[in-house]
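Report on one structure; see the data block that follows.
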2 protein chains.
Amino acid sequence: MGTSERKQRERDEREQLFLDTAEQMIASDGIIQLQMAKLAKACDYATGTLYQHFTSREDLLVALAARHSAQHLQMFQQIIALPVSSRDKMFAISVAERDFRKHNPTHAKLSQYIFTEAVWENASACRREQVLQCGQPIAALVCGIVQQAIDDGSLVANGCSAMELAIAPWALCQGSHTLEQTSGLLEAFAVPRHDMQQYRHMHMLLNGMGWQPLVDVSDMAQIKTRVAALSVLLNI
Amino acid sequence: MGTSERKQRERDEREQLFLDTAEQMIASDGIIQLQMAKLAKACDYATGTLYQHFTSREDLLVALAARHSAQHLQMFQQIIALPVSSRDKMFAISVAERDFRKHNPTHAKLSQYIFTEAVWENASACRREQVLQCGQPIAALVCGIVQQAIDDGSLVANGCSAMELAIAPWALCQGSHTLEQTSGLLEAFAVPRHDMQQYRHMHMLLNGMGWQPLVDVSDMAQIKTRVAALSVLLNI
DNA sequence: TGCGAATTATGAATCAGATTCAAAAAATGA
DNA sequence: TCATTTTTTGAATCTGATTCATAATTCGCA
């Protein structure tokens, strides 16, 4: 009926309010500082009301991550529509990913944090499901790029499934970000933090996969140009 | 003087006892279940005594991770002494790494957890330092392998420092483990969890770096054989 | 060996903050 | 309008980390 529909909408809006506010609070004070009572008060609701949406603090964090994943997906969807080679699409994924993280430091921290035993296990099963569900179309989409490459002959599968192949760039991307994010790690080892470096590594991997057309990894200028071009296409 | 030396030793032993016990407790009940009071009692000490060693629960976790890093280093040191090509050494790193994680699930979880803002920021500066210090020789060692490869001509640097190049396999390794570890992620996407898959990805990357001698990534049997051979050399 | 000072250990008390739940308020609907 | 159901409230509860006054131990010295 109409009434209950409106009610549901209001409830959803309230949930978004909680999430928006939590996001702001995390952005300004960090994850640890986020307190349930403070958050509720900041939204002009009682603590108990907050718990009607999220079964626990961890549940809230996972919900936040799930929402980010949705934006994430949207960004990736742009990519498949791009008028570029499959290899460039895959590369664009890593460019977009990096940009997304740069503009969403909260997401970067959260995505590291929520998969931690301490958080993951304390979130409700349904929120966890939600995160994984959001990931699914992303994975499908990346797989699609690989499949396209296999189909048009620019990548030889060698008996691997598209997913198995997609894992490689995914892992490299993930690992690069983990290293970069890990406080003090690269600094401690005096690794110059050069944006392009990571892109070069990705091209090395894609070359190693035999993904055509190969890119000359010694030509940083060209890599830079390509990144710039993709950035424009993605308007970032 | 002799007396204070013994005292220091006893103190160190007690610290190890705390860490050993914490490790067991984590192994059997998980990180979240680790409670300071329980741990102290399990070691027959008062809670306050535990706090004389670790400034906080997080500090204890970081200390534990630092200890793991030391074992880690030891394992890697074996590798540089191996009578194999530099490429095989680098590959051996990923084999050893994977084995280490398989046999130390606690380490795997911890190393993900401690670098989380919530933990890292709450550990004492000196513990954090300790973790990074342990990492340093590991990094140096891996760099050494890259440098050796550059020197003997099996790898072309193209103006990159050894460290910059070393980051690539490091990131891939790291990322693979993160993906694998992340509860439910690969399952959710129906990715078959095949040990060798990861090794193939590493060879793709090393090939893409132009690291000689190149490996035929379509020949899984050969990769498998090489892993087996390295496992024997490392006796794992 | 005995004694006071200095150091260390103890664990009950404190504190922070997440979570709950009985009571109050609001919505529903007859 | 009023009884019933649903939702909101926030003070009380609970958990577990951390502290700190007190007790125990060790030390240096006569």
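We did not get these values from a lab; they are worked out from the coordinates using the rules stated. As the structure is a computational prediction, the values presented were derived from the model and not from experiment. Because the Cβ atoms are built from the backbone with ideal geometry, glycine has one as well, and the counts that use them run over all protein chains shown.
Contact order normalised by length for chain B, with contacts defined as Cα pairs under 8 Å and 6 or more residues apart; what percent is it?
In percent, rounded to a whole number, it is 21.
So if I take the centroid of the Cα atoms in the range A:23-69 and the same for the range B:93-112, what is the distance between those two points in Å?
33 Å
Which value in deg cm²/dmol, rounded to the nearest 500, describes the helix-derived mean residue ellipticity at 222 nm for chain A, given -39,500 (n - 2.57) per DSSP H run of n ≥ 4 and division by the residue count?
That calculation yields -24000 deg cm²/dmol at 222 nm.
Under unit Cβ charges (Lys, Arg +1; Asp, Glu -1), what dipole magnitude, rounded to 20 debye, does the range B:97-194 have relative to its Cα centre?
Taking the Cα centre of the range B:97-194 as origin, the dipole is about 340 debye.
Between copies, how close do the A:Met75 label points come, placed 7 Å along Cα→Cβ, listed in nm from shortest?
Ordered by increasing distance: 3.3 nm.
Can you bin the protein assembly as shown into rounded, prolate or oblate? Criterion: square roots of the alpha carbon gyration tensor eigenvalues sorted a ≥ b ≥ c, rounded for a/c under 1.5, prolate for a/b above b/c, oblate for the rest.
On the way: a/c = 1.92, a/b = 1.06, b/c = 1.80.
Since a/c reaches 1.5 but b/c is at least a/b, the shape of the protein assembly as shown is classed as oblate.
Could you list A:Ile150, A:Ile79 in order of exposure, starting from the residue whose Cβ has the fewest other Cβ atoms within 10 Å?
So the ranking, lowest neighbour count to highest, is A:Ile150, A:Ile79.
Quick one: which of A:Lys109/A:Lys224; B:Lys38/B:Lys109; A:Lys109/B:Lys102; A:Lys38/A:Lys109; A:Lys7/A:Lys109; A:Lys109/B:Lys109 span more than 23 angstrom between C-alpha atoms?
Pairs exceeding the cut-off: A:Lys109/A:Lys224; A:Lys109/B:Lys102; A:Lys7/A:Lys109.
Extending each Cα 7 Å along its Cβ direction at A:Ser4 and A:Asp151, get the distance between those two points in nm, one decimal.
Spacing of the two 7 Å Cα→Cβ label points: 4.3 nm.
List, in order, the whole-Hz ³J(HN,Hα) value for each residue of the range B:194-207 obtained from phi through the Karplus relation with A = 6.51, B = -1.76, C = 1.60 and θ = phi - 60°; use x for Gly and Pro.
Once θ is set to phi - 60°, the couplings for the range B:194-207 become 10, 3, 5, 3, 4, 5, 4, 4, 4, 5, 4, 4, 4, 4 Hz.
Fewest to most neighbouring Cβ within 10 Å: what's the order for A:Glu180, B:Glu10?
Going from sparsest to densest Cβ surroundings: B:Glu10, A:Glu180.
Run through the other copies and list how far each one's label point is from that of B:Met36, in nm with one decimal, shortest first; the point sits 7 Å from Cα along Cα-Cβ.
Once sorted, the set of distances for B:Met36 reads 2.2 nm.
Would you kindly derive the ³J(HN,Hα) couplings of the range B:57-68 from the backbone phi angles with the Karplus curve 6.51 cos²θ - 1.76 cosθ + 1.60 (θ = phi - 60°), listing them in order in whole Hz, with x for Gly and Pro?
4, 4, 4, 4, 4, 5, 4, 4, 5, 4, 5, 4
Determine, from the Cβ-Cβ distance of A:Arg193 and B:Asp216 and an R0 of 30 Å, the FRET efficiency 1/(1 + (r/R0)^6), rounded to the nearest 0.05.
So the FRET efficiency works out to roughly 0.30.
Residue by residue through B:138-147, how many Cβ atoms from other chains fall within 10 Å of the Cβ on average?
That average works out to 1.
Got a sec? How would A:Tyr113, B:Tyr51 order by Cβ neighbour count within 10 Å, fewest to most? Walk me through the numbers on the way to the answer.
Details: A:Tyr113 24, B:Tyr51 15.
Going from sparsest to densest Cβ surroundings: B:Tyr51, A:Tyr113.
What are the distances, in nm and sorted shortest first, from the label point of B:Ser4 to the label points of the same position in each other copy, with each label point placed 7 Å from Cα along the Cα-to-Cβ direction?
Reported distances to equivalent positions: 7.6 nm.
For the range B:210-227, just list the computed ³J(HN,Hα) in residue order, Karplus coefficients 6.51, -1.76 and 1.60, θ = phi - 60°, integers in Hz, with x standing in for Gly and Pro.
For the range B:210-227, the Karplus curve yields x, 7, 7, x, 5, 10, 6, 6, 7, 9, 5, 4, 5, 4, 4, 4, 5, 4 Hz.
Which of B:Pro105, B:Pro213, B:Pro192 ends up with the largest GNM mean-square fluctuation for chain B, with Cα atoms connected below 10 Å?
The residue with the greatest mean-square fluctuation here is B:Pro192.
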